[in-house]
Every structure is written in C-alpha cells, then in structure tokens.
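Take a look at the structure set out below.
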Amino acid sequence: MEKKYVIAFDQGTTSTRSIIFDLQGKVVAISQKELKQYYPQSGWVEHNPEEIYNDQLDTFYNVLLESGITPEEVAGVGITNQRETTVVWHKETGKPIHNAIVWLDKRTSEICKDLKEKGLASYVKKNTGLVIDSYFSGTKLKWILDNVEGARELANQNKLCFGTIDSWLVYKFTNGEKHVTDHTNASRTLIYNIKSLEWDNTMLKALDIPKSMLPKVQSSSSDFGSIQYNNVSIPIYGVAGDQQASLFGQGGFEPGVAKNTYGTGCFILLNTGRKRVKSKKGLLTTLICSVENEPVNYALEGSVFAGGASIQWLRDKMKLIEKASETEHICQSIPPLKNVYVVPAFAGLGAPHWDGKARGSVYGMTLDTGREELIKATVNALAYQTKDVMNAMEKDSGKNIFTLKVDGGASANNYLMQFQSDLLNIEVDRPKMIEVTAFGAALLAGIKAGVWSQYDINDIRKVDTIFFPKMDEDARKKNYKGWKKAIKRTKRN
Ligand code: ADP
C-alpha cells in the first residue's frame, strides 16, 4: 500500500502527543494527553516512565483510530522528547527501578559540586560541550545508582539499562529489542564525548557508571527498530531531542541559521555546521540532528529562563492582562518606550550573564509609566534577552547570524516579532505551521523512509510572515544601551 503519512511522537514535559502528517507536511490528526507531575520533595520533579509509555501508546492508537488511517499507509514514526530526563530499568523485566528524574530536578546539586571540586569543569566543557549542572542526565543516573537499593549491584551484573525518554520509548515500543538513542539526546547526558562520538570514559569513571548500561548511539535519522500494530510493522526512523528537532523542522540545516522557540522559556540554537565552537560566554555546544552516512553538525545553544513565563506573571500575579494574546494590541497602541525596562530575572539570569542571585526589576519609571508601559517593557524583555544570547553566539562563533527562525506560543505576537527584528537588525522568519518540533521528528523519519529529502523542506515549510528590521540605527543602539545598563544594575555578582 502507498505510504502517505508520517507519525511524530512528541513526548514533552507536560504532555504526550501523537501527530500524523501527510506528505505535504500538513497535520492530519493529533491526539494528546496531559502528563502527571510528581514532586516528592522541594526541588525534586519526577515522571512515571510507565505512564509516559502508556500515554504514548494511547495517543498512538487514538490518532490512528480517529483518523481512519491504516498502519500500512504510515512510512515511519519519528520521536521527539523532553531532553535530559533520566530513566533506569531492568534489562530482563523491562521495569523501571525508579521514577524518571526530570530535567528540572535539582537533587543532584551536591554531586555537581563534587565534580567541580574534582576540577572537571574544563574537561566537561571541552569534551561534552556542557557545563556541570544538575540539568543534565549523568548526575541523575549516578543518583539512582547510589540511592535505589540494590541498583549498583544490578548495574555491575549488567542487568540495568539507562536511557533518556526517547531511548525508553524505543525500548518499550520494540518490545525490548532495541536499546538505542540518537546523537542529540546523547549530547545532553554529560557522559557523551561530542568530539569522538563515543561514551566518555573519564566522565563514566568520575560518576561511577558502568558502560554496559548505556544505549547504542546512532544517527537521528536511521533505523531504530519497529512497532508491531495489528500484525503490521511500522518502523521508527527518527529520534531527536525537542530543541534540535525544532531546528531541523525549521529547515535549519545550514551554518549561520538560528532558531528561537518562544515558550515558557526561550531556547535559541545556532547551527555552526562542522565546527564545534567552544563557548567563552557560557553557552552550550551540542550535536544537532544527524542523518545516516552524513557527518555530524553542531550548534551553540543558549536559553532564556523567563520568556512566556513573564507574560504569565503579568496575567496571574500582576493581573494586568487577562490573556497573553492581549499584549500584542496593547504594545502596538502606545508609542515606543523611552527608557523603561523590565528585567525578568525571576529565577536569576541565564546565558550570557549567569547570575543565579539576580532578581526581577523595573527601571526608568516616571509618573507617565502606567499599565501599558509595564506590559510593553515586559514583552520587550523577551527580545532583549534573545539579543543578549545571540550576541554571545556571534562573538563565540565569529560569524554573523543572518536569519532567525521562530516558533513557540509567544512567536504569535506580531509586535514582539517586529521588535525582535528591529533589535537584531536581521529578518525574523515565522512559518505557517506551528508544530515545528513534531514536524522535525517526522522529517527525520520521512528522510530515512525515503518519502522526503532535506530539500523538500522548501516546499513543505510555508512562511507565514517575514519581519524586516525597520528601526533606525540610532534608536536601536540607544534602546540596547539602556537594556545593558538595566542588566548591569540587576546583577548581584
Ligand atoms: P510551552 O511549550 O513552554 O508550554 P508554548 O509554546 O505553548 O510554551 O507557549 C506558551 C507561552 O507563550 C506562555 O508562557 C504564554 O504566556 C506565551 N504566549 C502565548 N501567546 C502569546 C502572545 N500572543 N504574546 C506573548 N506571549 C504569548
């Protein structure tokens, strides 16, 4: 039967979805379930891996049943997942020995402190592209081995498997046949060497992790085994972490292309091609989606902690708006701000400032400053913070960024996108399709299945709006100078 569809599994922090795309890249059907969060202690966040698998399975069945599409018509499945979240399960029973420890979880900060004291920071940066932080999987895995009764013995007897969520889902969907992961997910573990493309012995030793429990790492677009559905075999042909999948779904294949996902936080990735740029500005170096038999490529990554979250703050705490989307009209209805800045350092400042102690502040208010001005200054802060990260990326890579491709909830805001283009003085390109991350995973699978090639992106990815810079140079410089001053005043270190 003719292969007319590709399915994406999109397993995120708060929800699990299955999405069917047709070969024109159009979303044909979606099924979604909210994911239950567990907070066993302050700073701890867990998911139940069995629930994740069951939710993925349910949405997969639902999306096929509701759309009436038969498994024979599906060319393949691509998986994209919340990154860094860590699962350990028993090799024989396939049962997790502990809940999944979620990327947000801070319980391993002591282990991180210990790694820093051992003088590993520079080694980590050079070989894994990361910084020592509880965010990444390695220390979470060590925590499970150290704290779950009997885990270390089982690990030493070669009876345990470690995986990020992609790896866990593949294992379950292939009935335990495949214990694998892809380059993008491996590059977020703190134990994978992004130069040699092998698990890193020094880090494994430092964290006391046996190599036998690690998945095999393969290209993001390659054969990850098959799912049996009503006696039909559906191949899993794509796997990638969510931010890298979004860069791929945006068609960000060339060096110099950057993307920003404006969600709760903002995640910015700059494709640096074959070049592995070591950041001097606190950015991460990471592997991007890889295609079988082609060399791997790298990106610089930076994130903004308070993106859309600060719009939620305007709504829920300040009660200045009822809906996030109202901000667009309000920002457009008043003249450009003169020297009013909100620095939303609610959870400290991330790259390139790295100041955990900084807190949110407002500068430059006069008696004219009212509700609208405060709202506009908060929306502007998403663009200013993005510019800070992108400036750092340009300095680190020594290259000019020529386009910013955008997605995520707040990219719907036309005022924000125009202001972003004005500040960066480059084009901001927003696609029609909003399911960019899921599409990235589908594209990886479609390439391996032979129904798409990377070049098809130009036909599939339809532009909604390109925002061109309109602000004059003087205003751009003045605005940004004011922001930098506000940042300087906010910093505590
Ligand atoms: P996530 O995937 O992180 O949950 P989404 O991509 O769904 O985030 O985006 C939701 C975020 O975007 C929310 O924080 C919300 O406040 C913000 N947001 C949504 N629409 C707009 C808008 N029109 N203008 C500004 N912010 C918006």
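Pick from the stretch 327-361 the residues that are within 22 Å of the chain's Cα centre (by Cα) and in a strand (DSSP E or B): which of them is nearest to the ligand (Cβ to nearest atom)?
The first filter runs over the stretch 327-361 and keeps only residues within 22 Å of the chain's Cα centre (by Cα), leaving 344-356.
Among the residues that remain, those that are also in a strand (DSSP E or B) are: 346, 348-349, 355.
Details: Phe346: 12, Gly348: 18, Leu349: 18, Asp355: 22 Å.
Here the residue is Phe346.
I'm trying to understand the selection: among the residues of the stretch 399-434, which are in a loop (DSSP other than H, G, I, E, B), closer than 30 Å to Phe60 by Cα and in contact with a Phe, Trp or Tyr (Cβ under 8 Å, 6 or more places away or on another chain)?
So the first thing to find is which residues in the stretch 399-434 are in a loop (DSSP other than H, G, I, E, B), and the list is 399-402, 408, 413, 425-426, 432-434.
With closer than 30 Å to Phe60 by Cα added as a condition, the list becomes 408, 432-434.
Those that are in a loop (DSSP other than H, G, I, E, B), closer than 30 Å to Phe60 by Cα and in contact with a Phe, Trp or Tyr (Cβ under 8 Å, 6 or more places away or on another chain): Gly408, Met433.
Considering Phe439, Phe468, Phe419, the condition of being more than 20 Å from Ile30 (Cβ to Cβ) and under 24 Å from the mean Cα position of the chain (by Cα) is satisfied by Phe419 alone.
Scanning the stretch 381-403 for residues that are more than 16 Å from the ligand (Cβ to nearest atom) and aliphatic (A, V, I, L, M) gives Val389, Met390, Ala392, Met393, Ile401. For Leu349, the criteria (1) crowded, with 17+ Cβ neighbours inside 10 Å; (2) farther than 25 Å from Lys259 by Cβ hold in every case but one, which is (2). Screening Ile7, Ile52, Ile19 for residues that are surrounded by 19 or more Cβ atoms within 10 Å (Cβ to Cβ), in contact with an Asp or Glu (Cβ under 8 Å, 6 or more places away or on another chain) and not in a loop (DSSP other than H, G, I, E, B) leaves exactly one candidate, Ile19. Do you know which residues across the stretch 219-270 are among the hydroxyl-bearing types (Ser, Thr, Tyr) and either assigned to a loop (DSSP other than H, G, I, E, B) or under 20 Å from Ile460 (Cα atoms) (or both)? Across the stretch 219-270, the qualifying residues are Ser219, Ser220, Ser221, Ser222, Tyr237, Ser246, Thr261, Thr264.
Among the residues of the stretch 36-49, count how many are crowded, with 18+ Cβ neighbours inside 10 Å and not in a strand (DSSP E or B).
So the count comes out to 2.
Considering the stretch 453-470, and only residues there that are modelled with pLDDT of 95 or more and assigned to a loop (DSSP other than H, G, I, E, B), the residue that is surrounded by the most Cβ atoms within 10 Å (Cβ to Cβ) turns out to be Pro469.
In the stretch 361-386, the residues that are free of Cβ contacts under 8 Å to residues at least 40 places away in the same chain and closer than 20 Å to Lys488 by Cβ form Cβ pairs under 8 Å with partners that are within 16 Å of the ligand (Cβ to nearest atom) and assigned to a helix (DSSP H, G or I), at six or more places apart or across chains, as follows: Val362/Leu374; Val362/Ala377. For Glu435, state whether it is within 16 Å of the ligand (Cβ to nearest atom) and either surrounded by 22 or more Cβ atoms within 10 Å (Cβ to Cβ) or not basic (Lys, Arg) (or both). Answer is yes for this residue.
For the condition in contact with a Phe, Trp or Tyr (Cβ under 6 Å, 6 or more places away or on another chain) and under 30 Å from Gly450 (Cα atoms), what is the one hit in Glu46, Glu66, Glu84, Glu72? Unique residue meeting the criteria: Glu84.
Tally the residues that are of a type in the set (S, T, N, Q) and within 25 Å of the chain's Cα centre (by Cα), restricting the search to the stretch 210-240.
Here is the first cut: in the stretch 210-240, the ones of a type in the set (S, T, N, Q) are 212, 218-222, 226, 228, 230-231, 233.
Still in the running and within 25 Å of the chain's Cα centre (by Cα): 218-222.
Selection size over the stretch 210-240: 5.
Just one residue in the set Thr378, Thr366 is away from the ligand (no atom under 16 Å from the Cβ) and either surrounded by fewer than 16 Cβ atoms within 10 Å (Cβ to Cβ) or in a helix (DSSP H, G or I) (or both); that residue is Thr366.
Does the stretch 255-262 include one or more residues that are of a type in the set (S, T, N, Q) and buried (at least 21 other Cβ atoms within 10 Å of the Cβ)? Yes - at least one qualifying residue is present in the stretch 255-262.
The values are calculated or read from the model by the stated rules, or taken from the named source; none is laboratory data. If you're wondering where the values come from, they're calculated on a predicted model, not measured in any experiment. Please note: Cβ atoms are built from the backbone with ideal geometry, for glycine as well, and neighbour counts cover all protein chains shown.
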